[in-house]
1. Could you please give the count of residues in the range 185-209 that are surrounded by 13 or more Cβ atoms within 10 Å (Cβ to Cβ) and within 16 Å of ASN116 (Cβ to Cβ)?
2. In the set PRO213, PRO188, PRO257, which member is more than 30 Å from PHE147 (Cα to Cα), at pLDDT 85 or above and not in a strand (DSSP E or B)?
3. Out of the residues in the range 155-170 that are of a type in the set (A, V, I, L, M, F, W, C) and surrounded by 13 or more Cβ atoms within 10 Å (Cβ to Cβ), state the one that is farthest from SER104 (Cα to Cα).
4. Looking at (1) under 21 Å from CYS206 (Cα atoms); (2) of a type in the set (D, E, K, R); (3) assigned to a helix (DSSP H, G or I), find the lone condition where ARG15 falls short.
5. Identify, please: which residue in the range 88-113 is at pLDDT below 95 and outside any helix (DSSP H, G or I) and is, among those, farthest from LEU63 (Cα to Cα)?
Amino acid sequence: MWNQVQETVSYLQNRTGFSPEYGVILGSGLGSFTQDIHIEHRIPYSEIPNFPLSTVQGHAGALVFGTIGSKKVVAMQGRFHYYEGYGMQQVTFPVRVMKYMGISKLIVSNASGGVNANYQVGSIVLLTDHINLMPEHPLHGSNDERFGPRFLNMSEAYSKKMLATAHQVALDFAIPVQEGIYLALQGPTFETPAEYTMVKNLGADCVGMSTVPEVIVARHMDIEVFGLSVITDISTDASIETVSHAEVLAAAQKAEPQVRQLIKGLIERNESH
């Protein structure tokens, strides 16, 4: 994999001449954040060596290079999921590429189902931790020490410093936010009532089908991570909502202006490396 990563990095650097500080992974219904980027290059995944292709509605499938304020950013307009049939190394491959293009900080977003009674559809949840129940681990197999250590310390998966900055941005722009723990399942099915109960009983606040593999691989390479989730459906002890992918996209898109403001403010205020 090392050689594939370096090949892809070399291709992108030769094509863009770009060395980003921040990576951003945009989840379902959140792709228009790229409108906040002064775009210098936009490269479809289909043109990038070794890149998978996004097959999910709501994921555009392009790598966007540009600036927000004085900060250089590379944004994934659409991510890859394990449920699409990709292995974990493919799902997380772009994170490794972004690292060797220059990023030291990664911002991840997703749409998820909420089990916390304080949440409602459209709530923006700043992630404090996660629970990994994916059936395959992204660091499974032989470890390449050039990427990171065999046994990874995950005591601070999500940067406390970036979380504090995000809270300040939210306060300044009057954006209501919550905190929470995200649990990752394989998908692509939405959860059964019993599974929602399990998620809550395990101590999580929301559940989805992404994010955790990318966060693990980012931390493997000592990238600071900030994560947020938009709650697109709610399951509580009192009621279980039926939900479709179209409804998930609609709920995420409704919350998107505030999510965009939050991410933009976080990048503008956070210290460079």
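The values are calculated or read from the model by the stated rules, or taken from the named source; none is laboratory data. Worth saying up front: this structure is predicted, and the values here are computed from it rather than measured. With ideal geometry, Cβ positions are generated from the backbone for all residues, glycine too; neighbour counts draw on all protein chains shown.
1. We begin by selecting, within the range 185-209, every residue surrounded by 13 or more Cβ atoms within 10 Å (Cβ to Cβ); these are 185-187, 190-191, 195-200, 202, 204-209.
From what is left, the residues that are within 16 Å of ASN116 (Cβ to Cβ) are 191, 195-200, 202, 204-208.
Here the count works out to 13.
2. Numbers: PRO213 fails: more than 30 Å from PHE147 (Cα to Cα); PRO188 fails: more than 30 Å from PHE147 (Cα to Cα).
The conditions single out PRO257.
3. Taking the range 155-170 as the starting set, the residues that turn out to be of a type in the set (A, V, I, L, M, F, W, C) are 157, 162-164, 166, 169-170.
Among the residues that remain, those that are also surrounded by 13 or more Cβ atoms within 10 Å (Cβ to Cβ) are: 157, 162-163, 166, 169-170.
Working: ALA157: 14, MET162: 12, LEU163: 16, ALA166: 17, VAL169: 20, ALA170: 23 Å.
Among those residues, the one meeting the criterion is ALA170.
4. If we test ARG15 against (1) under 21 Å from CYS206 (Cα atoms); (2) of a type in the set (D, E, K, R); (3) assigned to a helix (DSSP H, G or I), just (1) comes out false.
5. Across the range 88-113, the extreme among qualifying residues is GLY113.
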